[in-house]
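So the structure is just underneath, and the comments pick up after that.
The values are calculated or read from the model by the stated rules, or taken from the named source; none is laboratory data. None of these values were measured; they are calculated from a predicted model. Neighbour counts run over all protein chains shown; Cβ positions are idealised from the backbone, glycine included. Accessible surface areas use protein heavy atoms only, side chains included; no ligands, DNA or RNA. Shrake-Rupley method; radii C 1.70, N 1.55, O 1.52, S 1.80 Å.
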Amino acid sequence: MNRRIKILTTVALLAAVTLSLWGCGENKAETQQGQSKQTIDIPQVTVDLQNPENKVDVPVQESSKVFDENGQQLSDNEWLLNSKFAKSYIQSLGAGSYTFTYESAAATGTIYLTVTDEEKPNYVFSTDIPQTVDYLNSLFLPRLVKEQDSYQGDYEVRYQLRCAETEVELLEKPDGFQTEALEAGDYVWTATLSVDGTEHTYTHSFHVQSFDEYLQANLDTLFFDEQAKVHLAAQEGVFTVNTQDNADIFRYTVSQSIIEKAISAGKTWVVLTIAVDKPYAAEAAGENKGSFWMTDSWNQYNIGCNSLTPYTDDLRNRGISAVVSMAKKDGKYVYCMEGDLRLGYFTESTPLQYFFADGIQCQAQMTLSFK
């Protein structure tokens with residue numbers, strides 16, 4: 001009897017414990033289900049379509065979802081890295097104010113996004129434009145294009161090239177504009193686009209050299225030493241040549257492109273001066289033997305210059321467009337040959353050359369100018 005009572009008591013206790021535990025489990029589940037998320041304040045986000053880079057101030061490490069005003073969840077291509085709107089999505093929204101609901105496992109909040117389109121359109125010229133252009137060179141001028149990170153609209157652009165008050169004619173091409181040969185001066189390349197009645201301009205200024213500026217910038221390509229097969233280097237506009245190994249003729253060729261630019265610039269005469277320590281003449285003997293020549297590569301236009309004493313010979317009196325002379329200055333003997341560029345003798349195949357002839361052996365300083 002006592003044993004039976006004990007067994008029943010044990011069963012009853014076990015049942016009570018089981019019910020108690022079951023009841024505790026139900027209460028815990030209800031607590032977890034009913035637990036509320038933390039509501040967080042999210043600072044407003046404002047971006048401009050010029051560059052809609054953005055960062056929403058929410059926990060990056062927490063996986064999150066964002067819903068638009070219609071309750072539509074943003075896709076993985078629209079809500080990025082748990083903290084930012086895709087630029088392409090912002091572009092699809094356009095300018096305006098938008099409200100979104102943010103949710104993570106632990107928090108919820110409201111995102112206020114303002115998209116503006118007030119900044120100057122982020123456009124650039126498609127290629128670089130030089131600051132300095134060679135005299136009489138033509139130039140390619142690029143179109144204006146939208147920067148890669150800009151999500152603004154596409155706008156019609158007007159173009160204009162001006163030099164002072166003069167507008168320059170252009171040849172339009174698919175990717176830009178081509179100029180004719182440009183005269184010396186300061187130019188401004190302008191692209192203008194209009195957005196809602198407001199005009200925005202984009203400019204690039206450049207300088208086209210005068211002939212004299214071009215010549216100074218290209219002195220080191222002016223003379224080609226046919227013996228050493230190198231260009232002569234200028235020192236403050238002066239070229240030094242050494243003909244100590246000359247047994248017959250040393251040749252120095254003038255750049256044909258510079259000759260052509262000089263003619264285009266209206267230059268009619270080319271002037272070479274040669275300064276040496278002693279006088280030379282073709283008929284002289286010993287160390288004074290030698291002569292200087294201006295020639296179209298020994299073709300038709302051959303002007304000789306040599307003398308042991310100062311002289312001037314104006315060959316125009318004999319129908320030859322040239323003047324040759326020798327003068328003594330500051331202890332130097334200075335030979336000068338002036339020739340007419342308008343003769344048309346000088347070409348790529350018959351370039352202007354200066355000969356140190358008759359085996360002349362000297363060290364000379366040369367200068368070349370145009371007038």
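What to note about this one:
- Note on region 317-371: residues that are under 18 Å from ALA281 (Cα atoms) and among the acidic types (Asp, Glu) total 1.
- Residues being in a loop (DSSP other than H, G, I, E, B) and within 18 Å of the chain's Cα centre (by Cα) - total across region 149-182: 2
- Conditions (1) crowded, with 17+ Cβ neighbours inside 10 Å; (2) without any contact (Cβ under 8 Å) to a residue 60 or more places away in the chain; (3) not charged (D, E, K, R); (4) not in a loop (DSSP other than H, G, I, E, B): number failed by ASN317: (1)
- Just one of the listed residues (ASP175, ASP149, ASP196) is touching a helix residue (DSSP H, G or I) at 6+ places or on another chain (Cβ under 8 Å), charged (D, E, K, R) and over 24 Å from GLY266 (Cβ atoms), namely ASP149.
- Which numbered condition THR240 fails, given (1) modelled with pLDDT under 95; (2) part of a strand (DSSP E or B): (1)
- Any chance ASP296 is on the phi < 0 side of the Ramachandran plot and loosely packed, with under 13 Cβ neighbours inside 10 Å: no
- Those residues of region 83-104 which are open to solvent by 30 Å² or more (accessible area, probe 1.4 Å) and without any contact (Cβ under 8 Å) to a residue 60 or more places away in the chain, in sequence order: LYS84, SER92, LEU93, ALA95, SER97, TYR98, THR99, THR101
- Filter pass, ASN51 being polar (S, T, N, Q), in a loop (DSSP other than H, G, I, E, B) and modelled with pLDDT under 95: yes
- Any pair with Cβ under 6 angstrom, 6 or more apart, that starts in region 287-309 at a residue that is within 17 Å of CYS336 (Cα to Cα) and ends at one that is among the charged types (D, E, K, R): GLY290/ASP358; SER291/ASP358
- Note on region 320-345: residues that are in a loop (DSSP other than H, G, I, E, B) and more than 27 Å from GLN363 (Cβ to Cβ) total 4.
So that you can scan it fast, the table gives a plain yes or no per residue for (1) under 30 Å from GLY237 (Cβ atoms); (2) open to solvent by 80 Å² or more (accessible area, probe 1.4 Å); (3) touching a Gly at 6+ places or on another chain (Cβ under 8 Å):
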{"residue": "LEU139", "(1), (2), (3)": "yes, no, no"}
{"residue": "ARG143", "(1), (2), (3)": "no, no, yes"}
{"residue": "LYS146", "(1), (2), (3)": "no, no, no"}
{"residue": "TYR151", "(1), (2), (3)": "no, no, no"}
{"residue": "TYR159", "(1), (2), (3)": "no, no, no"}
{"residue": "ALA217", "(1), (2), (3)": "yes, no, no"}
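- Selection from region 191-223 of residues that are among the aliphatic types (A, V, I, L, M), farther than 30 Å from GLU156 by Cα and out of contact with any Leu (no Cβ under 8 Å at 6 or more places or on another chain): ALA217, LEU219
- Checked against the criterion of being touching a residue at least 40 places away in the same chain (Cβ under 8 Å), touching a His at 6+ places or on another chain (Cβ under 8 Å) and within 17 Å of ASP128 (Cα to Cα), region 173-183 contains not a single residue that satisfies it.
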